[in-house]
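Beneath this line is the structure, given in structure tokens, with notes to follow.
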Amino acid sequence: MPQQPTLRRTPLDADERARSEANFAPLVAEHLTTSGRFRISADTPELVELFQAVARRVGEMLHRPVISYANGRYMVITFADTAEEAHPARQ
């Protein structure tokens, strides 16, 4: 049986990262304002870092505190006040 080629991810360069942040921020902001939460697969440190930056940008865009958390497989971005209401023990 032939061996499957291994998937190799190439890191984003600075320009790609900047464009990704700029393009994802409006999408995440729209999703947050309509559903209160955005979830995405983020299974690498690079993706987690990228979406943390997106979350910061969204908070600045919406003038509301936004938080993000990851579990190694997914990342969730939500409004800080929504997360505190759902999990009061975290305060």
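Flag set for residue 2, criterion: open to solvent by 70 Å² or more (accessible area, probe 1.4 Å), assigned to a loop (DSSP other than H, G, I, E, B), of a type outside the set (Gly, Ala, Ser) and over 21 Å from residue 71 (Cα atoms).
Scanning the stretch 43-84 for residues that are among the aromatic types (Phe, Trp, Tyr) and either surrounded by 15 or more Cβ atoms within 10 Å (Cβ to Cβ) or more than 11 Å from the chain's Cα centre (by Cα) (or both) returns 51, 79. Among the residues of the stretch 5-48, those identified as acidic (Asp, Glu) and either in contact with a strand residue (DSSP E or B) (Cβ under 6 Å, 6 or more places away or on another chain) or outside any loop (DSSP other than H, G, I, E, B) (or both) are 15, 16, 21, 30, 46.
The values are calculated or read from the model by the stated rules, or taken from the named source; none is laboratory data. These numbers were taken from a predicted model, which means no experiment stands behind them. With ideal geometry, Cβ positions are generated from the backbone for all residues, glycine too; neighbour counts draw on all protein chains shown. Each accessible area value is taken on the protein alone, full model and side chains, heavy atoms only, with ligands, DNA and RNA left out. Shrake-Rupley method; radii C 1.70, N 1.55, O 1.52, S 1.80 Å.
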